[in-house]
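Here, each number is a calculation from the coordinates, and none is a lab measurement. These numbers were taken from a predicted model, which means no experiment stands behind them. Backbone-built Cβ (ideal geometry, glycine too); neighbour counts: all protein chains shown.
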Amino acid sequence: MSSNVRPETMQRITTKALADAFIAEQVAQIRAQVGDKKVLLALSGGVDSSVVAALLIKAIGKQLVCVHVNHGLMRKGESEQVIEVFGKELDANLIYVDATDRFLDLLAGVADPEAKRKIIGAEFIKVFDEESAKLDGISFLAQGTIYPDILESIKAAESGKPVKSHHNVGGLPEDMAMELVEPVKLLFKDEVRVVGEALGLPHAMVYRQPFPGPGLGVRCLGAITRDRLAALREADAILREEFDNCGLAEKVWQYFIAIPDVKSVGVRNEMRYEGWPAIIRAVNTTDAMSATIEEIPYAVLHKITNRITAEVEGINRVLYDLTPKPIGTIEWE
Ligand code: XMP
């Protein structure tokens, strides 16, 4: 297995030419490691797993089997983009599993954030295991581990105080029969993005803002219901569209909508209209440990408010969360 230490002499990948050289080197290494065997990859659609998928497709084509599990908590259009880019454009060997009902049925009535996270995490592994058990002759497991994951895990092991336990570093079963393929494990995030663009992945996929594993599940606050989740997905898509339109998408580190399990009274067409509030969160940070609030121009806030209340059934107010971290965490749950 190759080293987990980035050599001091390794040049930072900042240009297309450097990315092309890295890609050529990795393609050769992957072919040498894998031979004619098969590789399995959980493809979430996030930056890291997408870049690993594109690299492996370039190296070994259909010997890579990608499994995309839609847990029903993805943002609008995300699973569709995975199918479009990998299934169609790159002609990948892609298994798409729509497990929405499984996840939402298990989550029904569960209001505690940590209980929700545990259910989502455990079910995800279960679905992925079930799918991989159906496949024959898989010898390798590919992962989108990047260098900060390795550094954080080393730091946590040394201090005995895990900051965050990265499931893809050291958390795998010891008796796992599959060998790991981790082609971007010595790269930092900005380098992974340069490689992704050099591989021809869409800009929106490569520059996707961070999105938590439990997805919209921790933004549909309290016990998730299908109607409130649907409203959240639509409102979040409007926020993203308007941030794209006014250039804030390039400037703000993470922005999204959260919807609490609360209704207030409103009026629509001269009738009483009870609805949920959509809460806008837009933060800047370097390490997610602390965060400041983006100053969104009032005109943009008005436009977002008008669109969400007009276009999304069930939402009758829009609020802007001005709380920095600390004291508020970035996510509401
Ligand atoms: P907080 O809310 O702790 O978030 O200030 C810091 C960053 O971590 C993300 N986050 C998560 N990511 N699983 C993830 O993969 C989670 O359960 C989770 N909770 C928070 C959050 O989106 C932010 O970028």
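For the chain, which span is the longest to avoid every loop-located (per DSSP) member of trypsin sites (Lys or Arg not before Pro) having at most 10 other Cβ atoms inside 10 Å? Result, exposed sites excluded: 165-333. Cα centroid separation, the range 200-278 to the range 67-125: 17 Å. Dividing the convex hull volume of the alpha-carbon atoms in the range 16-210 by its residue count gives 133 Å³ per residue. Principal-axis analysis of the Cα atoms of the chain puts helix 16-34 at an angle of about 60° to the longest axis. Under the definition of Cα pairs under 8 Å and six or more residues apart, what whole-number percent is the relative contact order of the range 16-210? About 29 percent, as a whole number. Around the Cα centre of the chain, unit charges on the Cβ atoms of Lys, Arg, Asp and Glu (plus for the first two, minus for the last two) sum to a dipole of about 340 debye. For GluC sites (Glu not before Pro), the sites in the range 237-321 that DSSP calls loop and that have at most 14 other Cβ atoms within 10 Å are E270, E295, E313. Over the C-alpha trace of the chain, radius of gyration and Dmax come out as 21.0, 70 angstrom.
Over the chain, calculate the relative contact order: mean separation of alpha carbon pairs under 8 Å at least 6 apart, over the residue count, as a percent.
17
In this label model, D129 and A28 are separated by 4.0 nm, measuring between points 7 Å along each Cα→Cβ vector.
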